[in-house]
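Colleague: What follows is a single structure, and I will ask about it in a moment.
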Amino acid sequence: MYTYGRKRRAEHMEGIDLQQTFIRSLTELGIPSGAAKAIWMPLPMLLMIIGATVGVLVTVWLERKISAAAQQRIGPEYIGPLGVLAPVADGLKLIFKEDTVPAKSDPLLFTLGPVIVVIPVFLSYLIVPFGQNLVITNVSMGVLLWISLSSVVPIGLLMSGYASNNKYSLLGGLRAAAQSISYEIPLALAVLAVAMMSNSLSTVDIVDQQSGYGILGWNIWRQPIGFLIFWIAALAECERIPFDLPEAEEELVAGYQTEYSGMKFALFYLGSYVNLVLSALLVAVLYLGGWESPIPTSLLANLAGVSETSAWLEIVDAAVGITMTLLKAYFLVFIAILLRWTVPRVRIDQLLDLGWKFLLPVSLVNLLLTAALKIAFPVAFGG
Amino acid sequence: MNLAEGVQLVSLGLLSFMMLGAALGVVLLTNVVYSAFLLGGTFISAAGIYLLLNADFVATAQVLIYVGAVNVLIIFAIMLVNKRQDFAPLPKAWIRKSATAVVCLGLFSLLTTMVLVTPWNLSAEVASADSSIIEIGKHFFTDFLLPFELASVLLLMALVGAIILARREFLPEESAVAVQQPILTLPERPRELAGVTPGSPDRTIASKPSDRNK
């Protein structure tokens, strides 16, 4: 049963494999293959870090523009065309700001806190696939790796809240940790239902399992409850409104970020937006078919009479895959920004009630239902 | 030795160093918050060593459960206990410390000899890296079924216990008698209320001049 995903992967093995091509071309230049591999390895990681950072800049710009539109303003206009350079200006401002450390704080933990918050988020980009071979590593742990990495973040939040030596920071840090722990469980259970359908935790297998039927094959039709649970829990993990209690300005000044300025604050800021984009990407991968386009490209190619193995079709396929993943992810980011201006913030007791008394039982029922449907209809639910 | 082996050796050294250093820090540091954070470092290093042993599921579970749940709860508990007091120096503390050191060293030497003396039944085949989770699942539902189910029963009992403690419906009646509890206050200076003192300018916090251009 579990070899299903693997077989599918072997069938799909065609497609661009940049790594092989790169290593082969380097070995032809006379470089030993070990060294060629060592030269290759940092390249995708660097590309991913740059991509994540650029993604954040785009998201910040979108947030400003869409927030402005929601409030019937214009938003940034003169910094570059349509204000696209506004986030860059923000970043530059934060870089040149004075980096103050409060006098009675714990300087070591104060510095380490934002670092621990940011590193796991960037590390999670390891598993985001943009195509059959366009992923840094196709680890078999895939989604579980992301869940476990994101569970490290509360330690950094607690650390910065404690080290700031400020009541509001400490309360914010404690709230952030409580929120993050409560919403991890429904999140993991929603992922578990998808993993059960795909017979694998690897993100590439999960997308493969949704491929073939275009938009009809996506997991959102088979896992509507799971999709909603995942999205709510992901918003709570990202501390977006309506779940932005840890940094609720009206109650807690800015929560654990109160004492931070300059680059350390920028790390929190960067981390939260990278996390938002990452969550949107993972929703796209888990529920919206990942890199698959709504109408399968192979179908279009067959209609046009192009052979599936031609080189340029593979390039088009890869480009379509990357575009599709990003389009889906940014659609979800758009929804998150709209939600920010639509729904009010929940109270802390409502937040915990929602997490423990509603999402947790519903996600357990969802898991049970998925298991039952998988046994009853193995064709549709990946038996 | 090729690249992969070199990387493995260096990471093993680094991880072991990190683990031992962090573990010693947990025990020897006097600041309990530092100890709690270093405990997280120990757990992370252990996860790295599992990863080197091709046990990727165990490594992720280690990070998820020990770092993400256990360690966060420990730190949480430490931070909720708002008590900062200096320990009074005990007389003849060196006796306790040296006794602890002797016990620890004895345990360490015992375990070391056990590891070295036991003829381990090592399997020659390479650990299945990519499908370790499948192997673990198979074992859970065949030859390790009883321990697995017992562990889940244990967790269920802990869950029920936690809920009973949190709901407090089954506490004895005597808690109702002890109404005269001392009022708990945060350790902070008492300050006069704004606007009560006569002659003070009537303004809110937000209208301070430093906040005006925010």
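Colleague: Would you confirm, using the coordinates I've provided, whether A:A163 is away from every other protein chain (no Cβ under 14 Å) and of a type in the set (G, A, S)?
Modeller: no
Colleague: Then there is this: Got at least one residue in the range A:112-122 being more than 24 Å from A:I181 (Cβ to Cβ), within 14 Å of chain B (Cβ to nearest Cβ) and without any contact (Cβ under 8 Å) to a residue 40 or more places away in the chain?
Modeller: No, the conditions are met nowhere in the range A:112-122.
Colleague: Would you call A:I295 part of a loop (DSSP other than H, G, I, E, B) and open to solvent by 20 Å² or more (accessible area, probe 1.4 Å)?
Modeller: Yes.
Colleague: Still on this structure: Consider the range A:69-106. How many of its residues are open to solvent by less than 80 Å² (accessible area, probe 1.4 Å), touching a residue at least 40 places away in the same chain (Cβ under 8 Å) and within 23 Å of A:Y256 (Cα to Cα)?
Modeller: The total comes to 7.
Colleague: Something else: Please find, among B:L38, B:L20, the residue that is part of a helix (DSSP H, G or I), within 22 Å of A:I181 (Cβ to Cβ) and at pLDDT 90 or above.
Modeller: From the options B:L38, B:L20, the qualifying one is B:L38.
Colleague: If you don't mind, there's one more thing I want to ask. Give me a count of the residues in the range A:186-212 that are touching a Gly at 6+ places or on another chain (Cβ under 8 Å) and within 11 Å of chain B (Cβ to nearest Cβ).
Modeller: So the count comes out to 4.
Colleague: Please find, within the range B:12-44, the residue that is nearest to the chain's Cα centre (by Cα) out of those that are open to solvent by 30 Å² or more (accessible area, probe 1.4 Å) and hydroxyl-bearing (S, T, Y).
Modeller: So the residue we want is B:Y34.
Colleague: Looking only at the range B:54-66, filter to residues that are part of a helix (DSSP H, G or I) and open to solvent by 40 Å² or more (accessible area, probe 1.4 Å); which one of those is nearest to the other protein chains (Cβ to nearest Cβ)?
Modeller: B:L64
Colleague: Could you check the range A:43-68 and list, in sequence order, the residues that are over 16 Å from A:L276 (Cβ atoms) and open to solvent by 70 Å² or more (accessible area, probe 1.4 Å)?
Modeller: Within the range A:43-68, A:L43, A:M45, A:L46, A:L47, A:I49, A:I50 meet the criteria.
Colleague: With the condition kept exactly as written, say whether any residue in the range A:253-267 is of a type outside the set (D, E, K, R), open to solvent by 30 Å² or more (accessible area, probe 1.4 Å) and touching a Ser or Thr at 6+ places or on another chain (Cβ under 6 Å).
Modeller: yes
Colleague: Ok, one more. Restricting attention to the range A:202-217, which residues are within 17 Å of A:V320 (Cβ to Cβ), open to solvent by 20 Å² or more (accessible area, probe 1.4 Å) and not β-branched (V, I, T)?
Modeller: A:G212, A:Y213
Colleague: Among what's in the range B:80-106 and is part of a loop (DSSP other than H, G, I, E, B) and within 21 Å of the chain's Cα centre (by Cα), pick the residue that is modelled with the highest pLDDT.
Modeller: Once the filter is applied, the top-ranked residue is B:V81.
Colleague: So which helices (runs of 4 or more DSSP H) stay within the range A:217-277 end to end and still have 2 or more residues that are among the acidic types (D, E)?
Modeller: A:249-252
Colleague: Return a yes/no flag: does the range A:300-312 have any residue that is assigned to a helix (DSSP H, G or I) and either under 19 Å from A:F230 (Cβ atoms) or of a type in the set (K, R) (or both).
Modeller: Within the range A:300-312 (the criterion being assigned to a helix (DSSP H, G or I) and either under 19 Å from A:F230 (Cβ atoms) or of a type in the set (K, R) (or both)), the answer is no, since none of the residues qualifies.
Colleague: For A:Y125, state whether it is over 21 Å from B:I74 (Cβ atoms), open to solvent by less than 20 Å² (accessible area, probe 1.4 Å) and more than 11 Å from chain B (Cβ to nearest Cβ).
Modeller: When the stated conditions are applied, A:Y125 passes them.
Colleague: Determine whether the range A:368-375 contains at least one residue that is closer than 24 Å to A:G289 by Cβ, of a type outside the set (K, R) and either open to solvent by less than 30 Å² (accessible area, probe 1.4 Å) or within 20 Å of the chain's Cα centre (by Cα) (or both).
Modeller: yes
Colleague: From the list B:A77, B:A69, B:A47, which one is part of a helix (DSSP H, G or I), open to solvent by 20 Å² or more (accessible area, probe 1.4 Å) and either in contact (Cβ under 8 Å) with a residue 40 or more places away in the chain or facing chain A (nearest Cβ under 9 Å) (or both)?
Modeller: B:A69
Colleague: I'm trying to understand the selection: among the residues of the range A:258-304, which are under 30 Å from A:V101 (Cα atoms) and free of Cβ contacts under 8 Å to residues at least 60 places away in the same chain?
Modeller: Matches in the range A:258-304: A:S272 only.
Colleague: If I ask for residues that are in contact (Cβ under 8 Å) with a residue 24 or more places away in the chain and either open to solvent by 10 Å² or more (accessible area, probe 1.4 Å) or facing another protein chain (nearest Cβ under 10 Å) (or both), which ones from the range A:171-185 would you list?
Modeller: A:L171, A:G173, A:R175, A:A178, A:S180, A:I181, A:E184, A:I185
Colleague: From the list A:L158, A:L192, A:L174, A:L145, which residue is in a helix (DSSP H, G or I), at pLDDT 90 or above and aliphatic (A, V, I, L, M)?
Modeller: A:L192
Colleague: May I pose another question? Which of the residues that make up the range A:147-157 are open to solvent by less than 10 Å² (accessible area, probe 1.4 Å) and touching a residue at least 40 places away in the same chain (Cβ under 8 Å)?
Modeller: A:I147, A:G156, A:L157
The values are calculated or read from the model by the stated rules, or taken from the named source; none is laboratory data. As the structure is a computational prediction, the values presented were derived from the model and not from experiment. Counting neighbours? That spans all protein chains shown, and the Cβs are built from the backbone with ideal geometry, glycine included. What goes into the accessible areas is simple: the full protein's heavy atoms, side chains included, and nothing from ligands, DNA or RNA. Shrake-Rupley method; radii C 1.70, N 1.55, O 1.52, S 1.80 Å.
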